[in-house]
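Asker: Quick one: structure below, then a few questions.
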Amino acid sequence: MSYVRSSHLAKWWEVQSNGKILCSLCPRYCTIGNGQKGFCYIRENIDNKLYSIGYGRPTGFAVDPIEKKPLSFFYPEQMF
Ligand code: SF4
């Protein structure tokens, strides 16, 4: 996989006797085969190791107007 280098080796998992990975990070306890992702789509079995493929990456973006922010003194001389 091309993004293995930017992924982070995950914690809280173990290899089961059937070769699949059991993720124990959350109560869902996904069993993940090679090349598959867990229910959350953020942990992936790559070559029988579990990676956190979103590690260090933003998870959301939002564009908000500046007026929405609590900046009542951003321009102190300008009163509304
Ligand atoms: S949902 Fe994600 S974090 Fe939870 S057990 Fe499944 S793969 Fe692991």
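Asker: Any residue in the range 17-26 that is of a type in the set (A, V, I, L, M), within 13 Å of the ligand (Cβ to nearest atom) and at pLDDT below 95?
Answerer: Among the residues of the range 17-26, not one is of a type in the set (A, V, I, L, M), within 13 Å of the ligand (Cβ to nearest atom) and at pLDDT below 95, which makes the answer no.
Asker: Related question: Test of understanding: among Ile42, Ile66, which residue is of a type in the set (A, V, I, L, M) and touching a Gly at 6+ places or on another chain (Cβ under 6 Å)?
Answerer: Going through Ile42, Ile66 in turn, just one is of a type in the set (A, V, I, L, M) and touching a Gly at 6+ places or on another chain (Cβ under 6 Å): Ile42.
The values are calculated or read from the model by the stated rules, or taken from the named source; none is laboratory data. This one's a predicted model, so the numbers in the text were calculated from it and none came from an experiment. In this analysis, Cβ positions are derived from the backbone assuming ideal geometry, glycine residues included, and neighbour counts consider all displayed protein chains.
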